[in-house]
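The values are calculated or read from the model by the stated rules, or taken from the named source; none is laboratory data. Keep in mind that this is a model prediction, so the values were computed, not measured. Don't worry about glycine lacking a Cβ; one is built from the backbone with ideal geometry, like all the others, and counts go over all protein chains shown.
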Amino acid sequence: MDENTIRIKVGMSLSYMSGSDREDVMEYPRDEWEAMTPEQQQAELDNIAESFVSDYLDSWAQVEED
């Protein structure tokens, strides 16, 4: 692995479906990562995870009319 890059593993699993685990590894420029505060890093990890999930799943919510 290039020392100027960090690797971030992202994954998801559907609780109701056996064997549904999905993982991927993305690379992130180390200088950009290290320039972030821990809070910014966590926000970026959350964003990466949300983007990963949205690539595989659709969701919705709506009010049901009687």
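If you go through the range 13-61 and pick out every residue that is touching a Ser or Thr at 6+ places or on another chain (Cβ under 7 Å), acidic (Asp, Glu) and in a loop (DSSP other than H, G, I, E, B), you end up with 1. With respect to being within 12 Å of the chain's Cα centre (by Cα) and of a type outside the set (Lys, Arg), Val63 falls outside the description. Gln42 satisfies every condition listed in (1) within 10 Å of the chain's Cα centre (by Cα); (2) surrounded by fewer than 12 Cβ atoms within 10 Å (Cβ to Cβ) except (1).
Here's a check for you: in the range 45-61, which residue that is among the small types (Gly, Ala, Ser) and surrounded by fewer than 10 Cβ atoms within 10 Å (Cβ to Cβ) is modelled with the lowest pLDDT? Steps first, answer last, please.
Start the filter on the range 45-61 by keeping residues that are among the small types (Gly, Ala, Ser), which leaves 49, 51, 54, 59, 61.
Filter once more, so that each one left must be surrounded by fewer than 10 Cβ atoms within 10 Å (Cβ to Cβ): 59, 61.
Details: Ser59: 85, Ala61: 91.
Checked the range 45-61; the qualifying residue modelled with the lowest pLDDT is Ser59.
Taking Gln42 as meeting all but one of (1) at pLDDT below 95; (2) farther than 19 Å from Ser15 by Cβ, write down the number of the exception. Answer for Gln42: the failing condition is (1). Pairs linking a residue in the range 38-66 that is closer than 21 Å to Glu23 by Cβ to a residue that is basic (Lys, Arg) and at pLDDT below 95, with Cβ atoms under 9 Å and 6 or more positions apart or on different chains, are Phe52/Arg22; Tyr56/Arg22. With (1) exposed (fewer than 10 other Cβ atoms within 10 Å of the Cβ); (2) acidic (Asp, Glu); (3) at pLDDT below 90 as the list, and Glu64 as the residue in question, which single condition is left unmet? Result: Glu64 passes all but (3).
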